[in-house]
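**Q** Would you mind keeping the following structure in view while I ask a few things?
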Amino acid sequence: MNRYSAEFLGTFWLVLGGCGSAVISAAFPEVGIGLLGVSLAFGLTVLTMAYAIGHISGCHLNPAVSIGLWASGRFEAKELAPYIIAQVLGGIVAGAVLYLIASGKAGFDLSSGFASNGYGEHSPGGYSMLSALAAEIVMTMMFLLVILGATDSRAPQGFAPIAIGLCLTLIHLISIPVTNTSVNPARSTGVALFVGDWATAQLWLFWVAPIVGALLGAGAYRLIGKETQEEH
């Protein structure tokens, strides 16, 4: 249970920190942190939690990551369901806390999106469903590639959280205008349930695309990460 609790708390922190920065701080009058600040916030949540709970649960914080690690042979199938449940619950509780905080401001309106992910008219930049699918698949694929490479026993030890956190920051810098950046079904679910309507109707894409991307990333690392005879 300590691993599942760690995943719950870690995902809670990711959604509260990342989505909270978008909802509360991104456009704050005159001193808003903007897209760069939101991107850094998501990266910092993963970096800080990787050092805090990485030695307990592996710090997946993301159903797609758990599935990708399973596909790469680094995670047991029997642990998938409990991890994913813990992650989704952590995201939902974070969404509830964020709603409690954000709704305390006069004029708060869920219709502004509440940091939900979307495509078409609900994409920040008006990008199509196909663009959203491509972005989420490719970004998650590269995220898994970095995670698997940085945590490989042959990689420099102790630096994986930095590489992974910076990778997530970069992913957000690229794709916030396209989908508001998911690459994480738990993050998407945690806020979409409070918006309902279009956010839950489009939620399927932010489960399917990250999982497909994670499987592709796992497959790619299996190909390039094989140990050669010279390494033995």
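The values are calculated or read from the model by the stated rules, or taken from the named source; none is laboratory data. All figures in this text were calculated on a predicted structure; none of them were measured in a lab. So basically every Cβ, Gly included, is an ideal-geometry build from the backbone, and we count neighbours across all protein chains shown. Note: areas computed on protein heavy atoms with side chains; ligands, DNA, RNA excluded. Shrake-Rupley method; radii C 1.70, N 1.55, O 1.52, S 1.80 Å.
**Q** Thr169 - would you say it is surrounded by fewer than 21 Cβ atoms within 10 Å (Cβ to Cβ) and either out of contact with any His (no Cβ under 8 Å at 6 or more places or on another chain) or closer than 19 Å to Arg74 by Cβ (or both)? Outline the logic, then answer.
**A** On the way: surrounded by fewer than 21 Cβ atoms within 10 Å (Cβ to Cβ): yes; either out of contact with any His (no Cβ under 8 Å at 6 or more places or on another chain) or closer than 19 Å to Arg74 by Cβ (or both): yes.
Yes; evaluated as a whole, the condition is true for this residue.
**Q** Identify all residues within the stretch 8-22 that are among the aromatic types (Phe, Trp, Tyr) and open to solvent by less than 80 Å² (accessible area, probe 1.4 Å); write none if there are none.
**A** Phe8, Phe12
Yes/no matrix, rows are residues, columns are (1) open to solvent by 60 Å² or more (accessible area, probe 1.4 Å); (2) within 24 Å of Leu69 (Cα to Cα); (3) among the hydroxyl-bearing types (Ser, Thr, Tyr); (4) free of Cβ contacts under 8 Å to residues at least 40 places away in the same chain:
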{"site": "Val178", "(1), (2), (3), (4)": "no, no, no, no"}
{"site": "Thr189", "(1), (2), (3), (4)": "no, yes, yes, no"}
{"site": "Val195", "(1), (2), (3), (4)": "no, no, no, no"}
{"site": "Trp198", "(1), (2), (3), (4)": "no, no, no, no"}
{"site": "Ala201", "(1), (2), (3), (4)": "yes, no, no, yes"}
{"site": "Trp204", "(1), (2), (3), (4)": "yes, yes, no, yes"}
{"site": "Ala214", "(1), (2), (3), (4)": "no, yes, no, no"}
{"site": "Leu223", "(1), (2), (3), (4)": "yes, yes, no, yes"}
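**Q** If you don't mind, another one. Mind checking which residues of the stretch 48-63 are aliphatic (A, V, I, L, M) and either touching a strand residue (DSSP E or B) at 6+ places or on another chain (Cβ under 8 Å) or open to solvent by less than 40 Å² (accessible area, probe 1.4 Å) (or both)? Spell out how you get there, then give the answer.
**A** Going residue by residue through the stretch 48-63, those that are aliphatic (A, V, I, L, M) are 49-50, 52-53, 56, 61.
Of everything in the stretch 48-63, those that are aliphatic (A, V, I, L, M) and either touching a strand residue (DSSP E or B) at 6+ places or on another chain (Cβ under 8 Å) or open to solvent by less than 40 Å² (accessible area, probe 1.4 Å) (or both) turn out to be Met49, Ala50, Ile53, Leu61.
Every residue, every condition in (1) at pLDDT 95 or above; (2) acidic (Asp, Glu); (3) touching a Cys at 6+ places or on another chain (Cβ under 7 Å), yes or no:
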| residue | (1), (2), (3) |
| --- | --- |
| Glu7 | yes, yes, no |
| Glu30 | no, yes, no |
| Ile33 | no, no, no |
| His55 | no, no, no |
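**Q** Then there's this: Suppose we keep only residues that are within 26 Å of Leu44 (Cβ to Cβ) and of a type in the set (Asp, Glu) within the stretch 111-162. Which one would you say is surrounded by the fewest Cβ atoms within 10 Å (Cβ to Cβ)?
**A** So the residue we want is Asp152.
**Q** Ser66: buried (at least 24 other Cβ atoms within 10 Å of the Cβ), touching a residue at least 12 places away in the same chain (Cβ under 8 Å) and under 30 Å from Lys226 (Cβ atoms), yes or no?
**A** Working: buried (at least 24 other Cβ atoms within 10 Å of the Cβ): yes; touching a residue at least 12 places away in the same chain (Cβ under 8 Å): yes; under 30 Å from Lys226 (Cβ atoms): yes.
It is true that Ser66 is buried (at least 24 other Cβ atoms within 10 Å of the Cβ), touching a residue at least 12 places away in the same chain (Cβ under 8 Å) and under 30 Å from Lys226 (Cβ atoms).
**Q** All but one of (1) surrounded by 19 or more Cβ atoms within 10 Å (Cβ to Cβ); (2) of a type in the set (Gly, Ala, Ser); (3) more than 21 Å from Ala160 (Cβ to Cβ) hold for Gly37, so report the exception by its number.
**A** (1)
**Q** Please state which one of Ala132, Ala86, Ala94, Ala64 is among the aliphatic types (A, V, I, L, M), in contact with a Ser or Thr (Cβ under 8 Å, 6 or more places away or on another chain) and within 16 Å of Ala192 (Cα to Cα). Reasoning before the result, please.
**A** Working: Ala132 fails: within 16 Å of Ala192 (Cα to Cα); Ala86 fails: within 16 Å of Ala192 (Cα to Cα); Ala64 fails: within 16 Å of Ala192 (Cα to Cα).
Within the list Ala132, Ala86, Ala94, Ala64, the selection yields Ala94.
**Q** Scan Tyr83, Tyr99 and give me the residue that is within 30 Å of Asn2 (Cβ to Cβ) and in contact with a His (Cβ under 7 Å, 6 or more places away or on another chain). Steps first, please.
**A** On the way: Tyr99 fails: in contact with a His (Cβ under 7 Å, 6 or more places away or on another chain).
Answer to the check: Tyr83.
**Q** Please tell me if Lys105 is open to solvent by 60 Å² or more (accessible area, probe 1.4 Å), basic (Lys, Arg) and either over 18 Å from Ala6 (Cβ atoms) or touching a Cys at 6+ places or on another chain (Cβ under 8 Å) (or both). Explain how you work it out, then say what you get.
**A** Numbers: open to solvent by 60 Å² or more (accessible area, probe 1.4 Å): yes; basic (Lys, Arg): yes; either over 18 Å from Ala6 (Cβ atoms) or touching a Cys at 6+ places or on another chain (Cβ under 8 Å) (or both): yes.
Yes.
**Q** Taking Ser25 as the residue in question, decide whether it is within 27 Å of Met141 (Cβ to Cβ) and either within 17 Å of the chain's Cα centre (by Cα) or surrounded by fewer than 23 Cβ atoms within 10 Å (Cβ to Cβ) (or both). Working first, answer last.
**A** Numbers: within 27 Å of Met141 (Cβ to Cβ): no; either within 17 Å of the chain's Cα centre (by Cα) or surrounded by fewer than 23 Cβ atoms within 10 Å (Cβ to Cβ) (or both): yes.
So Ser25 does not fit the description; no.
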